[in-house]
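Since the structure comes first, as structure tokens, the remarks are kept for the end.
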Amino acid sequence: MNLIDAYGREIDYLRISVIDKCNLKCFYCVPEEGACAAYAEHSMSLDEIEKLVKIASSMGVRKVRLTGGEPLIRPDILELISRVSAVEGISDLSLTTNGIMLNKMASKLVKAGLSRVNISLDSLDPENFKRITRGGILDKTLKGVYRALEEGLTPVKINVVAMKGINDREISNFARLTLENDLHVRFIEYMPINNEHEKQWGDCFLPLTEIQGLCEEIGPLKEEKIFQGNGPATYYRIDGAKGLVGFISPVSRHFCAKCNRLRITADGKIKPCLFSLEEMDLKEAEGREEDIKKMLIKALKYRPDPHMVDQDPRGRFNCNKRGMLQIGG
Ligand code: SAM
């Protein structure tokens with residue numbers, strides 16, 4: 001039985017948070033005191049993740065993304081990639097990373113079976129990068145970006161959360177990066193995820209139209225139709241550029257009608273929608289295949305269309321205290 005929800009949307013994509021610890025402390029994602037090590041102890045095991053992916057594949061899932069937390073700090077990440085990439089039916093295995101460890105690990109990741117990476121990078125200025133990540137070193141991530149290109153983890157996508165007063169002055173510099181580099185630089189609207197960040201979100205949110213305007217400062221953007229399944233980005237090319245600029249607008253122009261994914265939190269809960277409160281705890285299935293299948297099917301009932309995050313100011317911060325770190329961005 002395939003995974004099709006009440007709105008006829010077929011789920012062929014699983015995003016799995018493999019750890020809820022991170023080696024950076026981005027101010028909008030990770031608590032100041034850092035991600036508690038105890039979280040990591042509840043992470044799903046290699047066997048549990050492999051089994052889940054096999055079951056999901058038998059129900060039509062073809063794409064898997066490993067995320068976190070920072071997936072590259074999980075000690076058994078290479079083994080995990082090798083097991084997941086070997087699952088029959090999985091044709092695309094990608095990973096979202098802050099890139100800090102990518103320079104050292106890229107070739108091993110390729111050998112293990114990883115197809116491609118998305119790298120989060122919110123500033124091209126070393127001081128601003130350090131401020132946003134609370135101590136991160138820009139050069140490490142940049143080296144990771146270029147190593148990923150060399151190793152063929154392509155297309156290499158750079159994810160930039162665009163925030164007013166934080167990195168809006170750098171948006172045109174990010175777009176300029178595509179002139180000489182075959183990168184997909186994607187600007188993402190800051191999402192209201194963590195209820196502790198309500199004021200901060202109000203102060204920093206930058207809508208798609210403004211982000212796009214800032215990119216156009218360096219030249220007109222020409223829409224580029226690329227095959228990308230049900231990916232949320234719309235892509236553009238600046239005249240003569242090697243790479244592409246993309247925009248992802250979960251808040252001001254949601255793409256729920258195309259949503260083809262389920263998320264699994266690091267502690268093994270199915271999240272029907274990034275913004276949903278409901279979660280199904282896979283641990284309750286105690287590894288029984290039929291029960292895991294039932295839970296995946298149950299999750300479909302809780303998938304909204306649309307998520308209403310743009311329309312319901314009170315419901316905006318509806319994920320309690322779970323941030324992206326735990327949910328898996
Ligand atoms: N550590 C990995 C990384 O840095 O890419 C993966 C996990 S991180 C939670 C995944 C992505 O979520 C990052 O690109 C981060 O910028 C994004 N993110 C976190 N909180 C967000 C928010 N409130 N709105 C938009 N993106 C967010």
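Just checking, which of 99, 89 is in a loop (DSSP other than H, G, I, E, B), over 18 Å from the mean Cα position of the chain (by Cα) and at pLDDT 95 or above?
Of 99, 89, the one residue that is in a loop (DSSP other than H, G, I, E, B), over 18 Å from the mean Cα position of the chain (by Cα) and at pLDDT 95 or above is 89.
Counting only residues that are more than 22 Å from the chain's Cα centre (by Cα) and of a type in the set (Lys, Arg), which one in region 189-248 is nearest to residue 146 (Cα to Cα)?
If we take residues in region 189-248 being more than 22 Å from the chain's Cα centre (by Cα) and of a type in the set (Lys, Arg), then 242 is nearest to residue 146 (Cα to Cα).
Restrict the check to region 49-66 and report whether at least one residue is in a strand (DSSP E or B), farther than 16 Å from residue 324 by Cβ and out of contact with any helix residue (DSSP H, G or I) (no Cβ under 7 Å at 6 or more places or on another chain).
At the first step, the residues of region 49-66 found to be in a strand (DSSP E or B) are 63-66.
If we keep only those that are farther than 16 Å from residue 324 by Cβ as well, we get 63-64.
If we keep only those that are out of contact with any helix residue (DSSP H, G or I) (no Cβ under 7 Å at 6 or more places or on another chain) as well, we get 63.
Within region 49-66, one or more residues are in a strand (DSSP E or B), farther than 16 Å from residue 324 by Cβ and out of contact with any helix residue (DSSP H, G or I) (no Cβ under 7 Å at 6 or more places or on another chain).
Among the listed residues 74, 15, 9, which satisfies the condition of being farther than 30 Å from residue 142 by Cβ and either among the charged types (D, E, K, R) or within 16 Å of the ligand (Cβ to nearest atom) (or both)?
Sole residue among the options that is farther than 30 Å from residue 142 by Cβ and either among the charged types (D, E, K, R) or within 16 Å of the ligand (Cβ to nearest atom) (or both): 9.
Could you list, in sequence order, all residues of region 214-265 that are modelled with pLDDT of 90 or more, closer than 19 Å to residue 329 by Cβ and among the aromatic types (Phe, Trp, Tyr)?
Hit for region 214-265 is 247, nothing else.
Could you check, for region 162-179, whether at least one of its residues is within 22 Å of the chain's Cα centre (by Cα), within 16 Å of the ligand (Cβ to nearest atom), at pLDDT 95 or above and more than 28 Å from residue 148 (Cα to Cα)?
yes
Looking at region 96-117, I want the residues that are within 14 Å of the ligand (Cβ to nearest atom) and have a partner that is among the charged types (D, E, K, R) with Cβ atoms under 7 Å, at least 6 apart or on another chain. Which pairs are those?
Within 7 Å, the pairs are 96/65; 97/70; 98/70; 100/140; 102/147.
Considering only strands (runs of 3 or more DSSP E) fully contained in region 181-291, which possess at least 1 residues that are touching a Gly at 6+ places or on another chain (Cβ under 7 Å)?
Filter on region 181-291 gives 184-189, 234-238, 261-264.
Suppose we keep only residues that are β-branched (Val, Ile, Thr) and away from the ligand (no atom under 13 Å from the Cβ) within region 182-232. Which one would you say is nearest to residue 15 (Cα to Cα)?
Among them, the one singled out is 226.
For the condition surrounded by 19 or more Cβ atoms within 10 Å (Cβ to Cβ) and of a type outside the set (Val, Ile, Thr), what is the one hit in 43, 91?
After ruling out the rest, the residue left standing is 43.
The values are calculated or read from the model by the stated rules, or taken from the named source; none is laboratory data. Everything numeric here is computed off the predicted structure, so don't read it as measured data. Cβ sites come from the backbone with ideal geometry, for glycine too, and all protein chains shown count toward neighbours.
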